[in-house]
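The structure under discussion appears below in the form of structure tokens.
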């Protein structure tokens, strides 16, 4: 066995898993709290990526752009939920349709502002770590490290903070939460804002490695939905586990087999999980959800 | 857990599943970012001396379905400029047909690189009574739109490289690109040229997972086999791929001396970027037909890169055949054409040849004009950019070129066809 290919596949798998996990975490948060499958999550990711690029052309550095994008996208998410999704709360299907409409709107905005071209953002980290003949670009490690930090922060937020407990309460039973005096709508807006920030964070991290173009979010979004099913909708830990399974198997599948074969394998895995474990890999009990 | 909760959970799972299926279907539908191919020849002005007044010309509607957004947007935007430039030149000169002056009335629609959108655009053109349609130029998009127009007496011009393969010969279909398929095709010839130029010990092929990518891979594999160069890696990547690191790791483990990636700049550029990051810079890298030198711009560490020019390099100031086009382009857009603007010729020459063919035919009837387009000897188009020859099924075609990049210096060479 080629040891270098094996080790490189592990690294590549972790990077893929991190990208998928970031998208899936945002999806699962919105789904857990609002019962909405937000198709526009990919567009929020794309918007984050393009804003970083746009700021870089104005001389704003990557690390300065990062908090600007996160705060801006959180505000956008809060606004979208209060202005649009809150109005169709009782009919989740309408929320789904709104999210599809947002894809068209954001897509058109991106198209009109930045056009179809591909752009490079100056890499924030150019260091390459070499272990034997395995090379690990620092920017890829950044994606993995930030995803781990986000998972820890999200877990602490949901488990140990009062707003996090409130969000979990809303996710589990919004009527009971309201009876306990929790301002349900406000926490729904906050959940959507956090989800939007996670999506844009994904975009910010992606541009550290990949060029920006209108298709940047297509694959991560599709895989994010698969991860959502694999891990269990509404379970952050499940999202991360699902992303790991998908990312690592994809890297090894492409490295040792073929991409098209790996795609088939992923969908077979999805069917198997849906058949034998329809609640997902993690979501076996109520407590395991948000 | 109560029954109500279980039902809610079930409904939520069903919603997610339906959403996923919808997304998968959407991905399948919009999938391939294919490329397409080139076309015909430029010219500057002349439509023949005439004393006919063009003060109030009669309009000839022309519909154009161009991929200005979507997967092939980077090519489509250049196509759009080529069409507009040619229409402006033709209208400025006036189109003299049987003693009467005409001009083109262009209706350009963005097909978003989507077969479904292109079909809708075609139907709109047909309902408007348009007799001339340009595009789409992307093979997979063109095939669908073209099929929807069967039976209509409309002259269609496209630079797609797979149109003739999928549609067969139609006198009302004017293609100006040599096919990519078969041992007489461009891709096969490209493999031979690369083998002769770089003398690789082994080759890796990574193509987009769609009909054009498969066509490329078949042609390249056959071409390298004929040149006795082993292909040690041949795989496809799905449309929308941005992370090529797993592919690069697999290719690197095979240690090829030449790597071909297809076939759009939006794929090749990130691939090259990530190859440099992975320390994989020693092979000769080649962009499959569809990609340009824009792929390697801003990338340092790779010495040898090559692309196939589907029409004619228009950034080559020393080529007299493109001088008229370069002058017209610069006058219209304010800057000289760059290495990727050769795509503009795909339609630029078509439109100018169309205006000339109308004069030759003495009619604006599509059948008569098509006959003139297909049968007129090359001397009828003295001011076009390139000399066209006609293939076995009477399809006009350019002689393609290869562009070889060595540490920033580009050399263009005509590609000898079998």
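Quick notes
- A single member of A:26, A:32 is within 10 Å of chain B (Cβ to nearest Cβ) and surrounded by 20 or more Cβ atoms within 10 Å (Cβ to Cβ), and it is A:32.
- Failed item in (1) within 11 Å of chain B (Cβ to nearest Cβ); (2) outside any helix (DSSP H, G or I); (3) more than 16 Å from the chain's Cα centre (by Cα); (4) free of Cβ contacts under 8 Å to residues at least 24 places away in the same chain, with residue A:181 passing the rest: (1)
- Taking the range A:262-279 as the range and being at pLDDT below 90 and within 10 Å of another protein chain (Cβ to nearest Cβ) as the test, the residues that pass are A:263, A:267, A:270, A:274, A:278, A:279.
- Within the range B:112-122, the set of residues being under 17 Å from residue B:158 (Cβ atoms) and in a helix (DSSP H, G or I) comprises B:115, B:117, B:118, B:119, B:121, B:122.
- Any hit, the range A:187-209, residues being assigned to a loop (DSSP other than H, G, I, E, B) and in contact with a strand residue (DSSP E or B) (Cβ under 9 Å, 6 or more places away or on another chain): yes
- Qualifying position, being under 19 Å from residue B:410 (Cβ atoms) and within 11 Å of chain A (Cβ to nearest Cβ), among B:273, B:277, B:209, B:297: B:297
- Note on the range B:175-287: enclosed helices (runs of 4 or more DSSP H) holding 2 or more residues that are over 30 Å from residue A:123 (Cα atoms) and in contact (Cβ under 8 Å) with a residue 24 or more places away in the chain are B:186-198, B:211-226.
- Set side by side, the residues B:357, B:377, B:361 differ, and just one is at pLDDT below 90, buried (at least 23 other Cβ atoms within 10 Å of the Cβ) and over 17 Å from the mean Cα position of the chain (by Cα), which is B:357.
- Single residue of the range B:76-93 satisfying the filter (farther than 22 Å from residue B:291 by Cβ and surrounded by fewer than 22 Cβ atoms within 10 Å (Cβ to Cβ)) that is nearest to the chain's Cα centre (by Cα): B:84
- Filter result (in a helix (DSSP H, G or I) and exposed (fewer than 15 other Cβ atoms within 10 Å of the Cβ)) within the range A:166-178: A:175, A:176, A:178
The values are calculated or read from the model by the stated rules, or taken from the named source; none is laboratory data. Since the structure is predicted, the reported quantities are computational estimates derived from the model, not experimental observations. Cβ coordinates were reconstructed from backbone atoms using ideal geometry, including for glycine residues, and neighbour counts include every protein chain displayed.
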